[in-house]
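In what follows, a single structure is set out as structure tokens and then discussed.
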Amino acid sequence: MSHRNHTYQLTTTWTGNKGQGTSNYKAYDRSHTIQAAGKVAIPGSSDPAFMGDVTRYNPEEMLVASLSACHMLWYLHLCAEAGVVVTAYSDAATGNMEETTNGGGRFTQVTLHPVVTVAEEAMVNKANALHTRANELCFIANSCNFPVHHAPECKVADN
């Protein structure tokens, strides 16, 4: 089987120079923008715990969002192939990161909480089972060195 390689390119630009650059830890904002060609810019910052702007996305949130979105996209693909009609999907994903004594840190786990609505009761068991396969195929989950758990809920659409 041949392997296909995909390259992703974006630009991260720091916008937080308040006139003194990084002359000291409190002299600059952590604000930045993340942009790919032809797409809307994403406003970024650090976590508020690290002097970031609470109104902007931080890298830790973006990692959890990437896991959530990748799982959802694989899951919807698998459902379409398996004849499971999904009519709604949302996920309140959570991630845990621990700081280390040297000032760094790492994620210890992420849990996805997808709430899936399917068209018919007969689809529920297959819909629930497909989360395992979606996790096996998720590009982002396969790139992580921490566990990605799933706590799915499946509902049947009101007819």
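The values are calculated or read from the model by the stated rules, or taken from the named source; none is laboratory data. A quick note: this is a predicted structure, and the numbers were derived from the prediction, not measured. A quick note on method: Cβ atoms are made from the backbone with ideal geometry, for glycine too, and the neighbour counts reach across all protein chains shown.
Of everything in region 83-101 that is over 22 Å from Ala65 (Cβ atoms) and within 23 Å of the chain's Cα centre (by Cα), the residue that is surrounded by the fewest Cβ atoms within 10 Å (Cβ to Cβ) is Thr100.
What single numbered condition from (1) surrounded by 14 or more Cβ atoms within 10 Å (Cβ to Cβ); (2) touching a residue at least 40 places away in the same chain (Cβ under 8 Å); (3) farther than 21 Å from His32 by Cβ fails to hold for Ser66? Every condition holds for Ser66 apart from (3).
Rundown of residues vs (1) of a type in the set (A, V, I, L, M); (2) under 20 Å from Gly95 (Cα atoms); (3) surrounded by fewer than 10 Cβ atoms within 10 Å (Cβ to Cβ), yes/no style:
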position: His6; (1), (2), (3): no, no, yes
position: Gln9; (1), (2), (3): no, no, yes
position: Gly16; (1), (2), (3): no, no, no
position: His32; (1), (2), (3): no, no, no
position: Lys39; (1), (2), (3): no, no, yes
position: Ser45; (1), (2), (3): no, yes, no
position: Pro48; (1), (2), (3): no, yes, no
position: Pro59; (1), (2), (3): no, yes, no
position: Met62; (1), (2), (3): yes, yes, no
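Annotation note: of Cys154, Cys138, the sole residue that is surrounded by 14 or more Cβ atoms within 10 Å (Cβ to Cβ), in contact with a Cys (Cβ under 7 Å, 6 or more places away or on another chain), under 18 Å from His77 (Cα atoms) and at pLDDT 95 or above is Cys138. The set of residues from region 97-115 being free of Cβ contacts under 8 Å to residues at least 40 places away in the same chain and not hydroxyl-bearing (Ser, Thr, Tyr) comprises Met97, Glu98, Glu99, Asn102, Gly103, Gly104, Gly105. Consider region 131-159 and keep the residues that are of a type in the set (A, V, I, L, M) and touching a strand residue (DSSP E or B) at 6+ places or on another chain (Cβ under 9 Å). The one that is nearest to Pro59 (Cα to Cα) is Ile140. Screening Val115, Val124, Val110 for residues that are within 22 Å of Glu81 (Cα to Cα) and assigned to a strand (DSSP E or B) leaves exactly one candidate, Val115.
Is it fair to say Val40 is touching a helix residue (DSSP H, G or I) at 6+ places or on another chain (Cβ under 6 Å) and either free of Cβ contacts under 8 Å to residues at least 12 places away in the same chain or at positive phi (or both)? So Val40 does not fit the description; no. Evaluation of Gly104 against the conditions (1) loosely packed, with under 11 Cβ neighbours inside 10 Å; (2) at pLDDT below 95; (3) not assigned by TED's automatic domain parsing to the domain that holds Cys138 shows that the sole unmet condition is (3).
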